[in-house]
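Enquirer: Right, I'll just put the structure down here and ask away after.
FYI, it's all coordinate maths here, none of it is from the lab. Treat the numbers as computed from the prediction; the structure is a model and nothing was measured. Ideal geometry is used to build each Cβ from the backbone, glycine not excepted, and the neighbour counts take in all protein chains shown.
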Amino acid sequence: MKLHSTEPNQKYQTVTGYDATGVEINLQHFDYSLIVLPETAPRAWPVAHFDQLTAAHFEQIALDVPDLVILGTGERQRFVHPRLVASLMNLRIGVECMDSHAACRTYNILMGEGRKVTLALIIERNEPAA
């Protein structure tokens, strides 16, 4: 699904597409989980599946000190245990969990409003059967 029909503003990291194989940031395709901030190049996030999330994954995000974290949980909306996001909550950083399509759209809207938002996007890769 294409989210923008025009060229993205290269100053900001904009989600320009999302499908079952990954996400497109400023027209560049990524097929792995990543962290996206408005003014920083996307970086890999070592989360292969939702069930692998740990507190350390969110402590990594806390270092960026965003106002809000949008967690894209894949094909369907899932919620993280509060103890996993305690590092963010202790810093008064909000966390919203939603399916990845909604997370991408929400990130673009909030980023466009000038909010200090982080998109933490889980791209689950199905491994071929052995």
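Enquirer: So what's the projected area for segment 53-109, the Cα convex hull averaged over all directions, in nm²?
Expert: Computed as one quarter of the Cα hull surface, the answer is 3.6 nm².
Enquirer: I've got another one for you. Mind ranking 54-62, 69-77 by how tightly packed they are, going by the mean number of other C-beta atoms within 10 angstrom, highest first?
Expert: Order by mean packing, descending: 69-77, 54-62.
Enquirer: Give the percent of DSSP beta bridges with both residues in the chain that are antiparallel, rounded to the nearest 5.
Expert: Percentage antiparallel, nearest 5: 60.
Enquirer: For the chain, just run the numbers: alpha carbon Rg, then divide by 2.2 N^0.38 Å, N being how many residues it has.
Expert: Rg over 2.2 N^0.38 Å, computed on Cα atoms: 0.99.
Enquirer: How do 32-45, 89-102 rank on mean C-beta neighbours within 10 Å, highest first?
Expert: Listed from highest to lowest mean packing, they are 32-45, 89-102.
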